[in-house]
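Single-structure report; data block below.
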Amino acid sequence: MHKERIYRGIPASQGISIGKAYVYTRRQININTMALKDGEVEAEIEAINNSIQISLKELTKIHAISVEKIGEKNSKIFEAQIEILNDRIFLDGVIKRIKKEKKSAGFVFNDEIEKLAAILQKSGNDYMKERYADLMDVRNRVVRNMRREKLVSKVDESSIIFAHELTPADTILFSRRKVMGYATDTGGVTSHAAIISRALRVPAVVGMKTISKFVATGDNVVIDGTEGVIIVNPTEETIQIYREKISRIKHHEELLFEIVNKPCRTEDGKSVEITANIEFVEETDFIKNCGIGLYRTEHLYMEKGDFPSSAEQIQEYTAIALATYPKPVTIRTFDLGGDKILQDYHREDNPYLGWRGIRVSLDRVEMFREQLKALLISSAKKNIKIMLPMISSVDEVRRAKTILNEVKSGLDREGISYDKKIPLGIMLEVPSAFVLAEELAEEADFFSIGTNDLIQYILAVDRGNELISGMFQQFHPAVIRALKKIVEGGHSKGIKVSLCGEMASVPLAVPVLVGLEIDELSVLPSVFSEVKQTIRAMRAADAKALAGRILKMPTESEVRSEVERFFELKIKPKIL
Ligand code: PEP
Ligand code: MG
C-alpha cells in the first residue's frame, strides 16, 4: 500500500475530483535508429501491426466519445487519423521498408509519416496543412503503443492531467478528453490554461513547482481546485472526506441555481448587469437567458494553427449570436500574442509587450478585414457587439474604425445586409488606455476592463508567473484608482463600462466593483450565480461608501482588510 502524500499549489479552478493521474509529458518520442539483426525483422513487423491495431481501437473509441461530447463536426480530426491507420498502401510500404532496410518499425513509420507530413505542409490546401499535427499525433501514438507506453487516449479512465506546463492549445485538446482536473508545475491563476479550465468547470491547481515528477500515470489522486491541494494515493478515509465535500458542493450549486432567474439588483434597487465570459459555443448551454460580455476568438486560431477561413468564422459567430439571442454577445477580435499563440509560430523576448491583440490585427489588415466582415455578416440579428483587445492609443481605435467602415462599404456594394449600428467597444487593459480614458471614450461605444492584463501591466507582474503570483494584487491601490479613472472617463462621455477580467468573478471583489459604479460584470459561467447572489445581498450605497474609503488607502493590505471586513459584515450573513 502506497503512502498518502499531500501537495499544495495555487487554486486555479474550483471543484473537487477523485480519479487516476495521467502524467502528460511533451518529451520527444524515442526512436530506435539502430539496424535490426537478422532474426528481429519478423518480431518488428508483428510489433507494428499490433500497435496499429491497438491505436485503431483507441482512436475509434476516442472518436465515439468525441462525437458524443462535442459533435460530429469537431470530431473530424479523429476520422482523419483513423484513415491513415487504415491505409493499406501506406502500411504495406512501411512493412516493405522494414524488411528491405532492416530498420526498426518506429524509424520507418516515423520516416514515412514525416514524408507525408512534408507533402501536406507544402500543399496550398488549408485542410491538408491542418492535418500535419494530426499526423504527428498518430506517429506518437503508434510509436508509443509499440513500446506499450500509456497514452493520453486512455480515455476510459477518469483522468486528472499532471503536466509541467500546459499551453492553451494543450488545454483545449485535453478538454475534449475525459479530464477531471489539471495540475501543473507552472502557471498562475490568470494564465490562459487556468482560465480555460474554469470555463470548462474542470478543477485545476497550478504553480505546483515539481508535482509532475512525483506522480505517476495511474496513481489514485484527489484534486481540490478550491483549496489548491493534490492528494496522491489517498486513504479510504480521505476519499470519504472528499466524497462528502463533493456532495456538499452539489447541494450548494442546486441552491444557487434557484436565483439564476431572479433580477440582478442590489437590495436598495441598483441594477447591475451580469453577463458571462465564454470561450466555446458549447458553453452557452450553461448560461441560458444571459448575455455574453466576452467571447474570445483566439481558440479558432489555436485549434487550426492558422487564421480560420471566412466561412469558418461566419459559422462560429452566427452560432454564438443565435445561441445568445435576444441577449447581446460581445465578440472580441483576435487577441493573439502573449500566451495565446501557438508556440512555434514566432518567438519574442517579451511576448506580453510584443506583437499582440490589436497590433497583430492592424499589421495583418487582410486577416482583420476578414474577421470584421465575418462579424458583420453574422450580425443580422443585431445582437453582436465588436470589441478590440489591447488598445493603447486613440490612433489604434481610429485606424480600426476606418477599416471597419471600409468593410461596411464593401458589404453595402455587395448588397449584403448587416447591423449598420453594430457597437464597437474597446478593452481597457493597458495603462496608457486608462490615462486616456476620456479621449478613448469619445471613440468607442463601450469600455470593457480587462483586469487580467491591466493588473499585469500596471504592477509589472507577469500574470502567468507563479514565482510572483502573490504580487498580482487585485486590491492594490493603483489598480483600484485605475478602475475609478476608467469608469469616470467612460461615464463622462455617456458610455457603459463593463469589467470582463477575472476580478469580476471573485465574490470578495464584487462590492468594490459595484461601489466603483461599473455597469456590467462579465463573469465565468461557473461563478455566475455566486456573483449574482453577492450583488443581491449588498446595498449599492454601502458599496459606494466602501469604494470611497479604499480609494484613499495607500496599501494593498489596508484595502484588502477593509474589503474583507465589509464582506464579513454586510454580505456573508445574507448569503447561503
Ligand atoms: C483581461 O485581460 O482581463 C481579459 C479579459 O482578457 P484575456 O484574459 O483574454 O487577456
Ligand atoms: Mg486581456
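Hey, with R₀ at 25 Å, roughly what FRET efficiency would residue 253 and residue 289 work out to, going by the Cβ-Cβ distance, to 0.05? Result of the calculation: an efficiency of 0.90. Contact order, relative form, for the chain: 14 percent (alpha carbon pairs under 8 Å, 6 or more residues apart, mean separation divided by residue count). Extension gain for residue 481 to residue 60 (0.36 nm times residue separation, less C-alpha to C-alpha distance): 146.0 nm. Sorting 492, 309 by accessible area puts them as 492, 309; the probe is 1.4 Å, largest comes first, and only protein heavy atoms count. Given a 1.4 Å probe and the protein chains as shown, residue 195 ends up with an accessible area of around 0 Å². Each listed q (0.08, 0.12 Å⁻¹) maps to a log10 I(q)/I(0) for the chain from the Debye sum over equal C-alpha point scatterers, namely -0.60, -1.25.
For GluC sites (Glu not before Pro), no site in region 500-576 is both called loop by DSSP and has at most 16 other Cβ atoms within 10 Å. Rounded to the nearest 500, the 222 nm mean residue ellipticity of the chain from helices alone is -15000 deg cm²/dmol, with -39,500 (n - 2.57) taken per DSSP H run of at least 4 residues. 3J(HN,Hα) couplings calculated from phi for region 424-441 with the Karplus curve 6.51 cos²θ - 1.76 cosθ + 1.60 (θ = phi - 60°) are, in sequence order, 10, x, 10, 7, 9, 8, 10, x, 4, 5, 6, 5, 9, 3, 5, 5, 5, 5 Hz; Gly and Pro show x.
Helices in the chain that qualify as membrane-span-like (whole DSSP H runs, Cα extent of at least 27 Å along the helix axis, mean Kyte-Doolittle hydropathy of -1.0 or higher) are 41-70, 236-257, 394-414. One chain, two ends: residue 92 and residue 34. Fully extended at 0.36 nm per residue, the span grows by 18.7 nm beyond their Cα-Cα distance. Between the listed residues 559, 524, 495, the Cα displaced farthest toward the positive end of the dipole of region 484-576, a dipole computed from Cβ unit charges relative to the Cα centre, is found at 495. Computed on region 394-493, with alpha-carbon pairs under 8 angstrom and 6+ residues apart, the relative contact order is 27 percent. State, as an integer percentage, the relative contact order of region 452-576 based on alpha-carbon contacts under 8 Å between residues 6 or more apart. Reported relative contact order: 24 percent. Each of residue 395 and residue 421 was given a label point 7 Å from its Cα along the Cα-to-Cβ line. The distance between the two points is 3.3 nm.
Take the chain with all the other protein chains still there, run a 1.4 Å probe, and you get 45 Å² of accessible area per residue. Accessible surface ranking for 299, 2, 1.4 angstrom probe, highest first: 2, 299. Keeping all protein chains in position, work out how much accessible area residue 553 exposes to a 1.4 Å probe, and write it in Å² to the nearest 10. Using a 1.4 Å probe on the heavy atoms, I get roughly 40 Å².
Straightening the chain between residue 569 and residue 439 buys 42.9 nm, computed as 0.36 nm per residue apart minus the Cα-Cα spacing.
Put simply, the Cα atoms of region 380-432 extend 41, 21, 12 Å along their principal axes, the longest span coming first.
To the nearest 10, the accessible area of residue 555 is 50 Å² with a 1.4 Å probe.
The values are calculated or read from the model by the stated rules, or taken from the named source; none is laboratory data. All figures in this text were calculated on a predicted structure; none of them were measured in a lab. Counting neighbours? That spans all protein chains shown, and the Cβs are built from the backbone with ideal geometry, glycine included. Keep in mind that these areas ignore ligands, DNA and RNA; they rest on the heavy atoms of the full protein, side chains included. Shrake-Rupley method; radii C 1.70, N 1.55, O 1.52, S 1.80 Å.
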